[in-house]
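Below is one structure; the comments refer to it alone.
The values are calculated or read from the model by the stated rules, or taken from the named source; none is laboratory data. If you're wondering where the values come from, they're calculated on a predicted model, not measured in any experiment. Methodologically, a virtual Cβ is constructed for each residue, glycine included, from the backbone with ideal geometry; neighbour enumeration extends over all protein chains shown. Ligands, DNA and RNA are stripped out before the accessible areas are found, and what is left, the full protein with its side chains, is counted by its heavy atoms. Shrake-Rupley method; radii C 1.70, N 1.55, O 1.52, S 1.80 Å.
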Amino acid sequence: MSTNIHVHDIEQKLFDAATEFVKERYPQGWGGAGAVFTDAGSLLISVAPEVINDAVHLCMETGAYLEAHKLNERVTHSLCVARDDENAAFKVLTPCGICQERLFYWGEDVKAAVYDPSGQLIFKTLSELQPDHWTRAYRTE
């Protein structure tokens, strides 16, 4: 199933939903959240769990990825935002390498928000982020 929502609208909708969620969930101090959009039109938001042993820490967007798997929906867009405190601007955080690997499950055309020093909202496909990804060795072209 695919959505009729324009791509730019999806990207802005993800950013707005994630930042509003952070403002509610973390009214003071640091705050961050991950958000994904799926081909079924779901917008899923998650946070990093608070843990006492940093070795078991997970990225903020992991919960949303797991929710998409649970719903059997393909992720099309992924975004992670954080702010230093309630007075700071939000920053988009480019997905770490592990999260990029998690996203590759849904294909190299998944779009991920990337950090931009000017604060512009920019999404790139995984193939743009990792043009030489290891899966290229297994493609039949």
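Only residues that are free of Cβ contacts under 8 Å to residues at least 12 places away in the same chain and farther than 16 Å from S42 by Cα were counted in the range 56-70, giving 3.
Would you please name the residue that is nearest to the chain's Cα centre (by Cα), looking only at residues in the range 86-141 that are aliphatic (A, V, I, L, M) and in a helix (DSSP H, G or I)? Among those residues, the one meeting the criterion is L103. When the residues of the range 64-82 are filtered to those that are surrounded by fewer than 19 Cβ atoms within 10 Å (Cβ to Cβ) and of a type outside the set (A, V, I, L, M, F, W, C), the one that is nearest to S127 (Cα to Cα) is R74. Pairs are defined by a Cβ separation below 8 Å, a sequence spacing of at least 6 or placement on different chains, a first member in the range 14-32 that is at positive phi, and a second member that is open to solvent by less than 90 Å² (accessible area, probe 1.4 Å); the pairs so defined are G29/D85; G29/E86. Of all residues in the range 39-85, those that are over 14 Å from the mean Cα position of the chain (by Cα) and of a type in the set (V, I, T) total 3. In the range 101-128, of all residues being exposed (fewer than 14 other Cβ atoms within 10 Å of the Cβ) and among the aromatic types (F, W, Y), the one that is farthest from Y65 (Cα to Cα) corresponds to Y115. Among the residues of the range 29-60, write down those that are closer than 17 Å to E11 by Cα and either touching a Pro at 6+ places or on another chain (Cβ under 7 Å) or among the aliphatic types (A, V, I, L, M) (or both). Of everything in the range 29-60, those that are closer than 17 Å to E11 by Cα and either touching a Pro at 6+ places or on another chain (Cβ under 7 Å) or among the aliphatic types (A, V, I, L, M) (or both) turn out to be A33, A35, V36, A40, L43, L44, I45. Residues that are modelled with pLDDT under 95 and charged (D, E, K, R) were ranked within the range 18-63; the one that is least open to solvent (accessible area, probe 1.4 Å) is D54.
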